[in-house]
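Peer 1: Dropping the structure in here first, questions after.
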Amino acid sequence: MERSNTDERKTLVLTGASRGIGHATVIRFASAGWRVITISRMAFSEDCPWEAGPEDHVQLDLSDMNGLQAGIEQLRNRLDGAPLNALVNNAGISPKGPEGERLGTLNTDFDTWSRVFNVNLFAPVFLARGLIDELKQAQGSIVNVTSIAGSRVHPFAGAAYATSKAALASLTREMAADFGPLGVRVNAIAPGEIDTAILSPGTDKLVEEIPLRRLGRPEEVAATIYFLCSQPAAYVTGAEIHINGGQHV
């Protein structure tokens, strides 16, 4: 079991923990002995794979900026003065049209733009700011989950999602500059086509163009997140790591 320098259990706060990459991240950190505090807009599911889930789960709608501060206070109460070693901003939404179609710049209404940016961009920075004392205490790490859609027009990801992820990549650099002097590292990962339940029909056609000719696995993404939150990455900040089998080349 992994321990910190003070032999205290390390702690992760993870958003978007209800499926896919979030589930895999919980398993990766919990298997190394970390305490994992999860956040999602859904109540804790008994199908989730970690024992402390019900006690260490905060139900929070990250699109509600008015409720976010109350959620931050819940998290701080759960931490109870203990250091926070890692914050992983994994939550993200990409709304579709009535027939499941991609929403572009011509047919995305303002409320959708606002909700997507609240979850995908504003929640990460305000969570980090709200937990800064605990992160400073641990000399911790923040990982923002961006996307390959943030750097190119994607056939399935909508315009609001894509631009919010591009903005999150830029925000990661800004946060790295601001948080670095406090001893807190900030990095991003940009997944490509990962084999999760939210894959869109037609993804198999994209796989044919990926150099590695396969989908990524959630546990591969989780392993990279874990690396960025661990000692081997102690001098890595302001980076965005592509996890896409070479799709970006």
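Peer 1: With unit charges on the beta carbon (Lys/Arg positive, Asp/Glu negative), name the residue among ILE194, SER31, GLY238 whose Cα is farthest towards the positive pole of the charge dipole of the chain.
Peer 2: The Cα lying farthest towards the positive end belongs to GLY238.
Peer 1: May I ask for the angle, rounded to the nearest 10°, between helix 159-179 and the longest principal axis of the chain, with both axes built from Cα atoms and the value confined to 0 to 90°?
Peer 2: Value to nearest ten degrees: 30.
Peer 1: By counting other Cβ atoms within 10 Å of each Cβ, how are TYR161, TYR235, TYR226 ranked from fewest to most? Mind dumping the intermediate values first?
Peer 2: Details: TYR161 27, TYR235 6, TYR226 22.
Least crowded to most crowded, the residues run TYR235, TYR226, TYR161.
Peer 1: When we measure straight from the Cα of LYS96, which aspartates and glutamates land under 16 angstrom away, once same-chain ones fewer than 8 places off are left out?
Peer 2: ASP109, ASP111
Peer 1: Under 27 Å between alpha carbons, and skipping anything fewer than 8 positions from LYS136 in its own chain: which lysines qualify?
Peer 2: Within the straight-line limit of under 27 Å, LYS136 reaches these lysines: LYS10, LYS165.
Peer 1: Sorted by packing (mean other beta-carbon atoms within 10 Å per residue), highest first, where do 165-174, 144-153 land?
Peer 2: Values: 165-174: 19.0, 144-153: 20.7.
My ranking of the peptides, most packed first, is 144-153, 165-174.
Peer 1: With runs of 4+ DSSP H residues as the only contributors, calculate the mean residue ellipticity of the chain at 222 nm using -39,500 (n - 2.57) per run, divided by the residue total and rounded to the nearest 500. Could the numbers behind the result be given before it?
Peer 2: Details: 8 runs with 87 residues, N = 249.
Per the formula, -10500 deg cm²/dmol.
Peer 1: Counting Lys and Arg as +1 and Asp and Glu as -1, what is the net charge of the other residues whose Cβ lies under 14 Å from the Cβ of ALA190?
Peer 2: After counting each charged neighbour, the total is 0.
A short reminder: the numbers here are calculations on the coordinates, not readings from a lab. This one's a predicted model, so the numbers in the text were calculated from it and none came from an experiment. All Cβ positions, glycine included, derive from the backbone under ideal geometry; neighbour counts span all protein chains shown.
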